[in-house]
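What follows is one structure encoded as structure tokens, with my remarks underneath.
The values are calculated or read from the model by the stated rules, or taken from the named source; none is laboratory data. The shown structure was predicted, so the numbers you read here are calculated from the model rather than taken from an experiment. Because the Cβ atoms are built from the backbone with ideal geometry, glycine has one as well, and the counts that use them run over all protein chains shown.
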Amino acid sequence: MPTDPRTAPGPGLAGDGPALTLHGITKRYGPVTALSEVDLDIAPGEIVGLLGHNGAGKTTLMSIVAGLLRPDAGYVRVLDKDPVREPHEARRRLGLAPQELGLYMPLTVRQNLLFFAELAGLRGRAADRRIEAVAEPLGLTELLGRRASRLSGGQQRRVHTAMALVHRPPLLLLDEPTAGVDVQTREQLLEMVRTMAAEGTAICYSTHYLPEVETLDGSVAVLNGGCMIARGTLKELVRQYGDSGVELSFSGCPPDLSLPWPVVRDGRVLRVTVDQPHLAVPQVMEALGEAAGELVNLRLVQPSLDSVFLRVTGRRYDAAAEEETT
């Protein structure tokens, strides 16, 4: 959301350089290191899917970019502006939609959007035009006169996101923008993200839903334990880390299998890494023997963002479990 009363520039002010640069960002909370020497660049028009388990440092990173937290080491540049030394200049160039909703419930949708438009320096017709421009693609036009307290959860989420877009920032930070929303709201938000990127806005998109990142066809940055452990385009990461194989889930402790391929045990799950999993299934089932009676699920895994995430972090990305612990 806009955090400074000056008028924000439109997308494209970054020139030929990145819209966002982070170098060596470190943040500690007492003995706990939330971020450790994190580097990240986002170009104008680029969508970066920021991934990581809860506690990986995603929200801390976004808070530092927005100037809400100061790093203990390293530096941030928002279109060449330093959020620490030039907070007003940096903040007016970005929009932030945090995970927690920030609506004023007694106000109408239009009044909420107008409030944030005015914070960004927009007045009169200019503010009205921007409100109409963000309301239409997010399906809010018919809701502009309705109080926020009377909206559904999905509608509130769309208004929350619109408040971050109303001043047309060249850098947009979205932290779990589709958490808890319905399918229609998710599609509207994703389409809005694609449109803004096509118009030159740089977007950092944190999500628990890996298929969203694949749908947006952006690049990917993976945080794990406060460290940036993978960065690249989706195709690059799938080519480098994407394993295929057979995943077996058991009702109890998985058996020891004698197979010509690598086998990894993860709780009640066995993962067999093999290039052509569909051809390996008969041999895997034969190796199970009597333990096949304990088998509750068998899944063929193809190279994907899901398999990339599993490979680089050692744990599968379970969106439902992540939401429950958020």
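Observations, loosely collected:
- Matching residues, the range 67-85, being more than 18 Å from Gly121 (Cβ to Cβ) and part of a loop (DSSP other than H, G, I, E, B): Leu68, Leu69, Arg70, Pro71, Asp72, Asp80, Asp82, Pro83, Val84, Arg85
- Restricting the range 46-67 to residues that are of a type in the set (S, T, N, Q) and touching a residue at least 24 places away in the same chain (Cβ under 8 Å) leaves a set whose member that is nearest to Gly314 (Cα to Cα) is Asn54.
- Sole residue being at pLDDT 95 or above and not aromatic (Phe, Trp, Tyr), chosen from Met105, Met192, Met163: Met105
- Complete set of residues in the range 271-318 that are on the phi > 0 side of the Ramachandran plot and not assigned by TED's automatic domain parsing to the domain that holds Asp256: Gly314
- Filter pass, Leu79 being surrounded by 15 or more Cβ atoms within 10 Å (Cβ to Cβ) and closer than 27 Å to Cys227 by Cβ: yes
- Selection of the range 136-184 for residues being crowded, with 17+ Cβ neighbours inside 10 Å and among the acidic types (Asp, Glu) yields Asp175, Glu176.
- Selection over the range 199-219 of residues that are at pLDDT 95 or above and of a type in the set (A, V, I, L, M) gives a count of 2.
- Flag if Leu295 is surrounded by 13 or more Cβ atoms within 10 Å (Cβ to Cβ), more than 28 Å from the chain's Cα centre (by Cα) and closer than 23 Å to Leu210 by Cα: no
- Extreme residue, farthest from Glu212 (Cα to Cα), among residues of the range 23-74 that are of a type in the set (D, E, K, R) and touching a Gly at 6+ places or on another chain (Cβ under 6 Å): Glu37
- The number of residues in the range 38-57 being of a type in the set (A, V, I, L, M, F, W, C), crowded, with 19+ Cβ neighbours inside 10 Å and either out of contact with any Phe, Trp or Tyr (no Cβ under 8 Å at 6 or more places or on another chain) or assigned to a loop (DSSP other than H, G, I, E, B) (or both) comes to 4.
- Residue match in the range 86-93 (condition: assigned to a strand (DSSP E or B) and in contact (Cβ under 8 Å) with a residue 40 or more places away in the chain): no
- Some residue of the range 97-109 being assigned to a loop (DSSP other than H, G, I, E, B), closer than 29 Å to Gly225 by Cα, small (Gly, Ala, Ser) and within 24 Å of the chain's Cα centre (by Cα): yes
- Criterion (under 12 Å from Glu46 (Cβ atoms) and in contact with a strand residue (DSSP E or B) (Cβ under 8 Å, 6 or more places away or on another chain)) met by exactly one of Leu223, Leu172: Leu172
- Meeting the requirement of 3 or more residues that are under 18 Å from the mean Cα position of the chain (by Cα) and closer than 30 Å to Arg129 by Cα, the strands (runs of 3 or more DSSP E) wholly within the range 167-281 are 171-175, 202-206.
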